[in-house]
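None of the figures in this text is laboratory data; all of them are computed from the coordinates on show. Note that the structure is predicted; figures quoted are calculated from it, not measured. Neighbour counts are summed over all protein chains in view; Cβ atoms, including those assigned to glycine, are modelled from backbone coordinates with ideal geometry.
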Amino acid sequence: MSGLSQASQWLKFARDDLIIARHAFKEVHPKQIFISCYHCQQAAEKALKAFLIFKEQAFPFTHDLDWLCRLCAGFLDKFEDVANDCTDLTPYATQARYPGTEEITESEAESALRKAERVFALCESLIKTE
């Protein structure tokens, strides 16, 4: 399977995570803030990994978006534009999955959606244009 084909599959899974994140936040009442934030993190993680696959770069099995973003930035400086988004989304890999963690506000969840959408959009545009 080609790098582009594999990257496209990873992008599809990332897009699906974004769909679920939006739905859980915007369409379900009460808003499912924790699950939405978790899927935002997952969307960004899979999008970054899709870009690395596209570049035929092995990636670590990690949820650390900072690390993944730095790997991507090694190919293109454009990833510096989403570095802060990656930093903010990383904690949701665990914080949003288990009880007894810090509360996440509605405003933070709405911000997480925007950040995940930016990371996804950047990766998708680069995979399509390169």
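Before anything else, pin down the relative contact order of the chain: Cα pairs under 8 Å, at least 6 apart, normalised by residue count, whole percent.
Result for the chain is 33 percent.
Which of Y92, Y38, Y98 comes first, and how do the rest follow, when ranked by fewest Cβ neighbours within 10 Å?
Lowest count first: Y98, Y38, Y92.
Contour minus end-to-end for E110 and E27, with contour as 0.36 nm per residue of separation and end-to-end as the Cα-Cα distance?
Full extension from E110 to E27 adds 28.6 nm.
Taking the Cα centre of the chain as the origin, how large is its charge dipole in debye, to the nearest 20, when only Lys and Arg (+1) and Asp and Glu (-1) carry charge on their Cβ atoms?
Dipole about the Cα centre, nearest 20: 420 debye.
Taking a spot 7 Å from the Cα of D81 along the direction of its beta carbon, which residues of the range 44-63 have an amide N less than 20 Å from it?
44-55
So I have (i) 8.5; (ii) 7.5; (iii) 8.9, and one of them is mean projected area of the Cα convex hull in nm² calculated from this model. Which one is it?
(ii)
When E110, E45, E117 are ordered from fewest to most other Cβ atoms inside 10 Å of their Cβ, what list results?
E110, E117, E45
Given labels modelled 7 Å from the Cα in the Cβ direction, how far is it in nm from D16 to A121?
2.4 nm
Do any cysteines in the chain lack another Cys Cβ under 4.7 Å, and if so which?
Taking the Cβ cut-off of 4.7 Å, the unpaired cysteines of the chain are C37, C40, C72, C123.
Work out which helices of the chain, taken as complete DSSP H runs, extend at least 30 Å along their axis over the Cα atoms and score a mean Kyte-Doolittle of 0.5 or more, then list them.
Correct list, ordered by number: 33-54.
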